[in-house]
Amino acid sequence: MPTVNRAEAEHLNPAFKVEIAPLQTDTNQKQPWSKLLLLVAFATTLGAAVPTGYCIGVINSPAALMQVWCNQTIHEKYGSTLSLSGLEILWSFIVSIFLVGGAIGSLGGAGLANKFGRKACMFICAVLFTIGAVLFFFCRAAKSVEMLILGRLIVGLSSGLATATLPMYLAELAPPSQRGTLGVFCGVGVTGGVVVAQVCSLADVFGTAELWHYALSAYMVLIIVCYLPSYVFPESPKFLYIMKSNPSAARASLLRLRGKNAGKLIEQEIAEMEVESNDNSQSSGFCDVLRDPRLLMPLIIVCSFQGGQQLSGINAIFYYSVSIFTKAGFSEPNAQWANLGAGCLNLSISLLGPLLMATCRRRTLMMLSSSLCAFFLFCIAFVLFYIESVSWFAWACIFCIMGYIFFYQFGLGPIPYFIGSELFEVAPRSVAMSMGSLSSWTCNFIIGMAFPSLQRAWGAFVFLPFSITCVLLFVLTKFYLPETLGRDPSDVAPLVSKGFRSKAK
């Protein structure tokens, strides 16, 4: 298809029409999934992304039981009993140290990914998750709150490293036509991990005073199973060619990933890597990337999307949903099951992500998702404010929550995880992904610390800032995010190289 005709077609299409990708040619032709690519995609998702989501969600249900254990352990070990406020401070520290670890891990992801490689980062994640699981499993027998805290910090480091490097690793392994599809796997894995954690921490499973340490460490089964075949995982061809200047190793990796019958595709990808590696103007160091004015706008987009994903209210929704279900007439146990149902809805819709990313434009999905999420969040605030006055408003609130969760997974959920791999070329990509992950973990920490206090102070209106965040993300997408579907990062990068003077195309 001629370039001029495609540009004219994009210009004429309405903003909110969910467009299907045009027939692609050359390197963008639809390629069959190789067995090795499938193995790596599912193994790393189940072995890194799912444990990340698991560690996020597992701490909520057994919180009261664990607090009692912490108080008893401190009394037996040190001869003192914590006051209610002291116990709350200790528990806040146990919860938040995971988020601090996530921020540190994501920040260090750039250096580790560039120095040791994307594949090595996955192994580092596995080792850290394993150490954390061991500490969780034995902390109760050892009567050591310190082991619990150290375990939370270590799995936080691993989770931050995973969210910074896994989307980049999968995007660099995938052929051009499948980069968006594989980029969604990390988000789906995190969402699935949260749901698995909700199940494992139920009172009918491991959520008891005697078994909560099993709940915290149960993800270890996934680590063992998924990393058994890790010896066959390939290194990123782009990392080998561009960062390590090893064309023969890159070609061998591509041959394993694409197969012997994909010679033309391999040559085209090698040619693209050659052009990219000869571009001496690319920044790769942390400070160089931050100072490069050409990378300002894509950095703003990546950090805003990942931070805005957390500030869009998804964690607050799940924090508040049990009380909403209770107000609608559910008993406390049934409200918890309903909350699990909301998590399952979140996971079910996220499973559509690979199909959506393979066929629909990023700009369209992001604007659709952010605008409708802003609408539902405003409705939640309005309905909650009058929920005691109108009997059916509790059910209306449940409908708004489900609507928000449904449309969240169209764009706000999956796109922030991988958009950096489509906006940045290989050299600055690891820094950009680390900065985006750092923004996500920092905003997650802010929500965890600030939401309970803001909820007490503002009541129902606490959801309005989340709605405003979604509106701001819509504006940023509308005016500055270029369409990345079917485009190589080397073609996208110039479109956002002029900072706020860039035009979305």
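The values are calculated or read from the model by the stated rules, or taken from the named source; none is laboratory data. Please read these numbers as outputs of a predicted model, since none were measured by experiment. Here Cβ is always computed from backbone atoms with ideal geometry, including for glycine, and neighbour counts include all displayed protein chains. All accessible areas refer to the heavy atoms of the entire protein, side chains included, with ligands and DNA or RNA removed. Shrake-Rupley method; radii C 1.70, N 1.55, O 1.52, S 1.80 Å.
Counting only helices (runs of 4 or more DSSP H) that sit completely within segment 363-465, those holding 2 or more residues that are open to solvent by 50 Å² or more (accessible area, probe 1.4 Å) correspond to 393-408, 426-458.
Screening 152, 179 for residues that are crowded, with 24+ Cβ neighbours inside 10 Å, closer than 29 Å to residue 72 by Cα and of a type in the set (D, E, K, R) leaves exactly one candidate, 152. When residues in segment 469-501 are screened for being under 19 Å from residue 370 (Cβ atoms) and either under 21 Å from the mean Cα position of the chain (by Cα) or in a loop (DSSP other than H, G, I, E, B) (or both), 13 of them pass. Taken over segment 193-235, the criterion of being buried (at least 20 other Cβ atoms within 10 Å of the Cβ), of a type in the set (Gly, Ala, Ser) and not in a helix (DSSP H, G or I) is satisfied by 201, 207, 218. Considered as a group, the residues in segment 64-81 that are in contact with a Phe, Trp or Tyr (Cβ under 7 Å, 6 or more places away or on another chain) and open to solvent by 10 Å² or more (accessible area, probe 1.4 Å) include one that is nearest to residue 144 (Cα to Cα), and that residue is 67. Has segment 261-269 got at least one residue that is assigned to a helix (DSSP H, G or I), open to solvent by 20 Å² or more (accessible area, probe 1.4 Å) and either of a type in the set (A, V, I, L, M, F, W, C) or within 30 Å of residue 376 (Cβ to Cβ) (or both)? No, segment 261-269 contains no residue that is assigned to a helix (DSSP H, G or I), open to solvent by 20 Å² or more (accessible area, probe 1.4 Å) and either of a type in the set (A, V, I, L, M, F, W, C) or within 30 Å of residue 376 (Cβ to Cβ) (or both).
Would you say residue 159 is over 13 Å from residue 118 (Cβ atoms), in contact (Cβ under 8 Å) with a residue 24 or more places away in the chain, in a helix (DSSP H, G or I) and open to solvent by 10 Å² or more (accessible area, probe 1.4 Å)? No, not satisfied.
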